[in-house]
Each structure stands twice: as C-alpha cells, then as structure tokens.
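Some notes on the structure that comes next.
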Amino acid sequence: MDKIVITGGRKLKGDIEISGAKNAALPIMAAALLTDEESVIENVPDLRDIQTMIRLLRSLGVKALYDHGRVLVRPGKSLKPIASYKLVSTMRASVCVLGPLLARMGEAQVSLPGGCVIGPRPIDLHLKGLEALGAQIEVQHGYVNARAIKKLKGNDIYLGGAFGSSVLATANVMMAAVLARGVTTIENAACEPEIVDLARFLKKMGAKIAGEGSPSIEIEGVKKLKGVRYGIIPDRIEAGTYMVASAMAGGDVNIRQVEPSHQNALIDKFREAGIRVDKMKTSIRIRRSGRLKPVDVATLSYPGFPTDLQAQMMALMTVTPGISVITEKIYPDRFMHVSELNRMGARIFLEGPSAIVHGVKRLSGAPVMASDLRASAALVIAGLVAEGTTEVQRVYHLDRGYEKLEIKLSSLGASVHREKE
Ligand code: EPU
C-alpha cells in the first residue's frame, strides 16, 4: 500500500487549480439514472469514490465510464434496482441511488451503509422522506427494500434531524420528487452548494425546482427527464484544504478555479487568526508571514464551518500560540486525527464534542495513519511544518477525495512524494 512522505519546513508559493467537487459529482451521477438518455458530466475529479460510483452504476446495468474528467452515463430503458452490500459498504454515498431507482423503476433494494469511522451515520431521514412520497419501505437482512405500489406523489416533508439538515437525504428526496405526481416541499432542506449543483443538473434535465440553496425547496413533478451535458462546481473542501495548508506552511499561494463565496466560513476564521486572504472572482490568495492567533471553531451545516474541514483546521491550530477550541456539531465523534496529531507532538485534549488545542512551538515528524479521508489530509498538513519526516500511511483514504495531492503540493514547493510500501 502506498504512503505519502512529507519533509516539513518549506514555505509554499505559487498557483494551484482546484478540481471538480466529489460530493457534487456523486449524487449527480446517481441523478443521471432519472432518464434513459445519455448524460455527460464534466469537471469530475479522478478519484477512487468516483470509480466506485461507476462500478455501482454498471452493477445496475448502466453504461458508465470515466475519461479525462468526464463521466458518461447511459442508463437505457431498464435498470436492475439492486445496490449490493459489497459496493455500498465501501462508499456511503452509494445510498443516493435509492431515490432515482425508486422514481424510475418503482422499486429499489439498497444495502444499508452501516457504521462509519466518523461515527454513526443513520439514514432515517432518507427513508422518512421517501415514505412521505408514498414509498413502502422495509428494512430486512441489511437491505432497504423500497417499493412504490402507485406512482410516487408529492408531499410536504420536514427533513430535520437531531444534527440538523442532511445533505444526501435532501438529495435523495429531491431526486425521487422530480418524477412524482404533484408538488413536494422539503423543509429544513440542506443548503450546501452540492445540493444547489444537483438542483441545477436536474433542472437542465427538465425538472421543476425552486428554492435550492435555502432551507425550503419546492419541486413540481414532471413526467419525463432528458439526458444532458453538465459541468460540476469546484470542490470547496479541496480548496479549503489547500487554504489551510498554505496558512500552515506560510508563504503566498493563489488557489484558482474556486467559487470564493463557498469559502466564507473558513475565510472569516482565517482573518480572525491573522491570515491574509484576498478574494478574486474565481480565485483566493492566501498569505501568511506573522504569528497566528488562536480561534474557536464550531462546525455547522452550510453556510457554517464545514465538518469536512474540521480536522485540517485542527492541524493548523496545533502550532497556533494560545488555546483554540474546536467543537464538532455534525459528527460529535469525528476526532480520529487527535491521537495521531498528538503523536506528532500536538497537545489536544478531548472534552465531549470539543477539542481543546494548546498551541505548541513545533510538531515532530512521525509515521501516522488515519482511517478517514479528511483526517488523513490533516496529517499531511501537519507534516508540512513538522521537523523531519512524516509518513502518512493508508493513502487509499486520501485517494478517495484528493486528486493528485502530492503533485499539487509539490508544485507549490512542498517536499512531498508518494512511496510504495
Ligand atoms: N443524519 C441523521 N439521519 C439521516 C442522515 C443524516 O441523523 O438520515 C445525521 C448524520 O448522522 C449527521 C448529520 O445528520 O450527524 C449530517 O449528515 P448528512 O446526512 O448531511 O451527511 P451525508 O449527506 O451522509 C455528506 C458528505 C460528507 C459530509 C456531510 C456533512 C457526501 C458524499 N458526503 O454526507 O462528506 O461530511 O455531508 O456535510 O456528500 C467527506 O467528503 O469526507 C464526507 C464525509
């Protein structure tokens, strides 16, 4: 298995380009099932999760392929509406074929995703929303069996849970509702940019949707959708990760091909921490030379601070003089990076869903590993300033969500390479 080897101490300088958003591409690939016509999705990053989704689509009897940033999906007249445990257990986002299969085929059998290293991740809101549209749902032998005896019918649905809105539940219900009879209103819908991107894709296919990006989305069902060509938005989490890496290592980095308004929560915290941020039309420039100031961060759903940047932000706080507090409000157990960062010399104490981070003078390189994508990214970021060499093992986690990570960081002057173990 490959590992990423980082020698700390180099400042970053130069330009990098951000790839298309993984978390927008995955549900949009599932949404392409809503027609029998071919769709072409552009600006799709070359990642392991995208390949998993292609394998899943093929297992449903769909022609699907990836070629140089483009995904072609040709569903044809009939789909095999079964998503197996083998595929769903390797990638939770597979659950977003449930809505489209139910809408197109009137039935779906999708494995329950099960546990996840970032904590319990139930799908009760997905099921509640689909039931409200008239689906009959049974959970048996580890599978969700969903059936629409009659055609799905629009309804008013409240989709909030104990931790607020749900991104993929909103996506699943939206995808089922676009072909239902009548009007559906989703209240407490997720406002994430990936939901807006999905709505735009569906509208291009012929769906009638209003209110995306707000907590109240209205969908008027249509009879049929068509295949389209569509370009995915930039990955705000990848962009945020490079923003944090630039602030951590210091220097002057221009991050291109981004949507700056998607980064407002992070930019706000950067300014509080004394990091210079310049927002341009499609790029963000990060400059840091002086001392960092401690900041407190609480993760929230969009437009709040993203949970997918919590680990990276914590890496930055480890070398910020003073005490910073990071509170995780989306996944209260998402802290596997803490013990690994502490192995590198950080001083982080966990108090329930909060991490108290005492800034240290320096980190020291070590072999580390994490069993989650964003936690692994945080360890790479820590390695950029650690004395000596850091080896981040289990690189397949990074390959799920970061395209050419070591190449992009090296192009900015970091000493980072991939090694075969
Ligand atoms: N929740 C429920 N019931 C549900 C669904 C969710 O209680 O039926 C809870 C979750 O346990 C969590 C909260 O609601 O506490 C929010 O979870 P959400 O459903 O929004 O997460 P998701 O849609 O499964 C997506 C991203 C995650 C990201 C979260 C939160 C994709 C493919 N995944 O997951 O991304 O952390 O939204 O923003 O879009 C990542 O990219 O590393 C990643 C984990």
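The values are calculated or read from the model by the stated rules, or taken from the named source; none is laboratory data. Since we're looking at a predicted model, the values are computed, not measured. Counting neighbours? That spans all protein chains shown, and the Cβs are built from the backbone with ideal geometry, glycine included. SASA here: full protein model, heavy atoms, side chains in, ligands and nucleic acids out. Shrake-Rupley method; radii C 1.70, N 1.55, O 1.52, S 1.80 Å.
Only one entry of Ile16, Ile41 meets the criterion of being touching a Leu at 6+ places or on another chain (Cβ under 7 Å) and in a strand (DSSP E or B), and that entry is Ile16.
Restricting attention to the range 283-311, the residues that are in contact with a strand residue (DSSP E or B) (Cβ under 6 Å, 6 or more places away or on another chain) and either among the basic types (Lys, Arg) or open to solvent by 10 Å² or more (accessible area, probe 1.4 Å) (or both) total 9. The requirement of being β-branched (Val, Ile, Thr), without any contact (Cβ under 8 Å) to a residue 24 or more places away in the chain and within 13 Å of the ligand (Cβ to nearest atom) is not satisfied by Ile118.
For the range 251-264, the tally of residues that are crowded, with 19+ Cβ neighbours inside 10 Å and in contact with a Gly (Cβ under 8 Å, 6 or more places away or on another chain) stands at 3. Pairing each residue of the range 83-105 that is within 15 Å of the ligand (Cβ to nearest atom) with any residue that is among the basic types (Lys, Arg) and open to solvent by 10 Å² or more (accessible area, probe 1.4 Å), provided the two are 6+ apart or on different chains, yields C-beta distances under 8 Å for Leu87/Arg55; Met91/Arg400; Arg92/Arg121.
Looking only at the range 91-103, residues that are open to solvent by 10 Å² or more (accessible area, probe 1.4 Å) and in contact with a helix residue (DSSP H, G or I) (Cβ under 6 Å, 6 or more places away or on another chain) come to 2 in all.
Candidates in the range 358-402 are the residues that are within 14 Å of the ligand (Cβ to nearest atom), more than 20 Å from Ser246 (Cβ to Cβ) and outside any helix (DSSP H, G or I); of these, the one that is most open to solvent (accessible area, probe 1.4 Å) is Ser371.
Conditions tested, residue by residue: (1) within 16 Å of the ligand (Cβ to nearest atom); (2) surrounded by fewer than 19 Cβ atoms within 10 Å (Cβ to Cβ); (3) in the same structural domain as Ala93 (by TED's automatic domain parsing).
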| residue | (1), (2), (3) |
| --- | --- |
| Lys153 | no, yes, yes |
| Ile157 | yes, no, yes |
| Val167 | yes, no, yes |
| Met175 | yes, no, yes |
| Ala180 | no, no, yes |
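Is there any pair linking a residue in the range 206-234 that is open to solvent by less than 50 Å² (accessible area, probe 1.4 Å) to one that is among the basic types (Lys, Arg) and assigned to a strand (DSSP E or B), with Cβ under 9 Å and at least six apart or on different chains, and which? Listed by first residue and then by second, the contacts come to Ile219/Lys208; Gly221/Lys153; Gly221/Arg181; Gly221/Lys208; Val222/Lys208; Gly227/Arg74. If you go through the range 115-134 and keep only what is open to solvent by less than 50 Å² (accessible area, probe 1.4 Å) and in a loop (DSSP other than H, G, I, E, B), you end up with Cys116, Ile118, Gly119, Ile123, Leu133, Gly134.
Is it the case that the range 360-370 has a residue that's under 18 Å from Gly119 (Cβ atoms) and within 26 Å of the chain's Cα centre (by Cα)? Yes: one or more hits.
Taking the residues in the range 139-153 that are assigned to a strand (DSSP E or B) and within 28 Å of the chain's Cα centre (by Cα) as candidates, determine which candidate is nearest to Leu179 (Cα to Cα). Out of the qualifying residues, it is Ala146.
Residues in the range 136-150 that are within 15 Å of the ligand (Cβ to nearest atom) and open to solvent by less than 50 Å² (accessible area, probe 1.4 Å): 3 in all.
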